[in-house]
Amino acid sequence: MSLPTSLESNTLASIDPATGEVVGTVPVTPVSAIPGVVARARAAQSAWAALGAQGRVEVLRPVGPALLAAAEELGRLISREMGKPAREGTGEAKDCGGGWAAELEEIAAALADEVVEDAGTRTLQCHDPLGVCAAITPWNFPLEMAHWMILPALVAGNTVVFKPSEETPLTGQAYADLLNAVLPPDVLQVIHGDETQGKALVAADVELIAFTGSRAAGRQILAEASRDLKRVILELGGKDPMIVLDDAALEPAARFAARNSFRNCGQVCVSTERIYVDRAVVGRFLELLAVETAKMTVGNGLEARTVVGPMVAPWQRDHVLQQIDAAVAAGAKVYSGGTGHHGNFVMPTILTDVTRDMAIVAEETFGPVAVVIPVDGDDDAVRQANDTPYGLGAVVFGQDEARAARVARRLTAGMIGINRGVGGASGTPWVGARQSGYGYHKGPSGHRQFTQVRLISTRKS
Ligand code: NAD
């Protein structure tokens, strides 16, 4: 990505992608200051850990209601920083704030000591803090992605150095400010900047790097972390398939496809990007998808009627338009939408006649584009859906749920929805398979990744 030019002057400007206006600025953290930030986090860690999980939960408890009270304001800020409809930004804040108390309890329960015994040994299995955690986040869910890693890291007794995306620094700062209203000094610190600051944080004296972002950056982080065998949790990109079986209810399938391909302007890690439709129903499905897509009003996210806002920034818009242009030059057909754009606003686009060697089929697009590919039966659908190094989410639509479940079981994604989206029941993790994830967040098993397991064993008398 190209740097916002203001980074050169030690100030990072957040730009509204709908208007080009400056939403606000933050100071860029000099790289030379980052070791000192991490040292302060280390110095603060033992006192924070000494409070115990329940003590930390009590400190953090008031933040949930404060986040809820600020939800509308945060929703507008998110919309202005990265373009999504303000009501979706508000929803993001409400999800985090509304679930706060239950999440605190879930994390504390996941960290509780366990006693494990066999005939001769009694073992206390503890989940201790790791030390200092780096939290590095993307811009597409600027509050929720931070929340998913920072809250369990803190409850586990770690201190955190947080680098929000350079596209959404104000939202990241606002989330940290709410926490810092109750936290002791240096337990959560924010550094601002782009990948330069991210790389410096990864190289600093931290025990764990929690990262959500692109596969390319994830690879670099894993390579750098390997030098000191630092722990990593990497939630990475995807190229999610949707399979429409020949018995699928086509209207709900088309409604889902339009919503899941184009919401947040397609800038969702589990956006539906490839749609494999049984050849027997592909014509009708395309007609219905085009009807649903036409209902999606494109506009400024602050306007109530807007369903699809602008893309986050010109560099991301150009990446998407180039993928479309290259596909069309190689024979793809634009069924609706296309590369006409106004500023950062890109029309939701459906492409057909694509082939697996096109970037639009093989690589993450992260924009409002869906490709529709006819398939010959369930085996062909599974084969093509799995033809990717990614493995975040996948969706299967079919009225015979037993058959759809058999198809789902053969997919190589981490999260698979049948006749619905990918997210699992509460308490389950958000998990990517293959090159979409390395470690994962949420649920008891996700929370425990912010801890060091230690065993204290005694002989049983
Ligand atoms: P990105 O990888 O460009 O940047 C993410 C963050 O990492 C930013 O804060 C950035 O400054 C920093 N960064 C970039 N390179 C770095 C490096 N080498 N070392 C350390 N830090 C570095 O991603 P983005 O454009 O902000 O976000 C979009 C990507 O995030 C998409 O690929 C999307 O699929 C993915 N994503 C995944 C999930 C998930 O749950 N799997 C959720 C949201 C977004």
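Residue 214: of a type in the set (S, T, N, Q) and either crowded, with 22+ Cβ neighbours inside 10 Å or in contact (Cβ under 8 Å) with a residue 40 or more places away in the chain (or both), yes or no? Taking the combined requirement at face value, the residue satisfies it.
For the structure I just gave you, tell me whether residue 120 is surrounded by fewer than 23 Cβ atoms within 10 Å (Cβ to Cβ), of a type in the set (Gly, Ala, Ser) and in contact with an Asp or Glu (Cβ under 6 Å, 6 or more places away or on another chain). Please lay out each step first, then the result.
Details: surrounded by fewer than 23 Cβ atoms within 10 Å (Cβ to Cβ): yes; of a type in the set (Gly, Ala, Ser): yes; in contact with an Asp or Glu (Cβ under 6 Å, 6 or more places away or on another chain): no.
It is false that residue 120 is surrounded by fewer than 23 Cβ atoms within 10 Å (Cβ to Cβ), of a type in the set (Gly, Ala, Ser) and in contact with an Asp or Glu (Cβ under 6 Å, 6 or more places away or on another chain).
Please work out which residue is surrounded by the most Cβ atoms within 10 Å (Cβ to Cβ), limiting yourself to segment 423-450 and to residues that are closer than 19 Å to residue 385 by Cβ and within 13 Å of the chain's Cα centre (by Cα). Taking the candidates together, the pick is 436. Can you go through 154, 143, 178, 183 and tell me which one is buried (at least 23 other Cβ atoms within 10 Å of the Cβ) and more than 16 Å from the ligand (Cβ to nearest atom)? Among 154, 143, 178, 183, only 154 is buried (at least 23 other Cβ atoms within 10 Å of the Cβ) and more than 16 Å from the ligand (Cβ to nearest atom).
Residue count for segment 186-197 under the criterion of being open to solvent by less than 10 Å² (accessible area, probe 1.4 Å), under 19 Å from residue 158 (Cβ atoms) and within 12 Å of the ligand (Cβ to nearest atom): the result is 1.
For (1) under 25 Å from the mean Cα position of the chain (by Cα); (2) more than 30 Å from residue 247 (Cβ to Cβ); (3) touching a residue at least 24 places away in the same chain (Cβ under 8 Å), each residue gets a yes or a no:
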site	(1), (2), (3)
284	no, no, yes
289	no, no, yes
294	no, no, yes
320	yes, yes, yes
325	no, yes, no
344	yes, yes, yes
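Checking 312, 270, 281 one by one, the residue that is closer than 24 Å to residue 399 by Cβ and surrounded by 20 or more Cβ atoms within 10 Å (Cβ to Cβ) is 270 and no other.
The values are calculated or read from the model by the stated rules, or taken from the named source; none is laboratory data. The shown structure was predicted, so the numbers you read here are calculated from the model rather than taken from an experiment. Virtual Cβ from ideal backbone geometry, glycine too; neighbours counted across all protein chains shown. Only protein heavy atoms, including side chains, enter the accessible area calculation; ligands, DNA and RNA are left aside. Shrake-Rupley method; radii C 1.70, N 1.55, O 1.52, S 1.80 Å.
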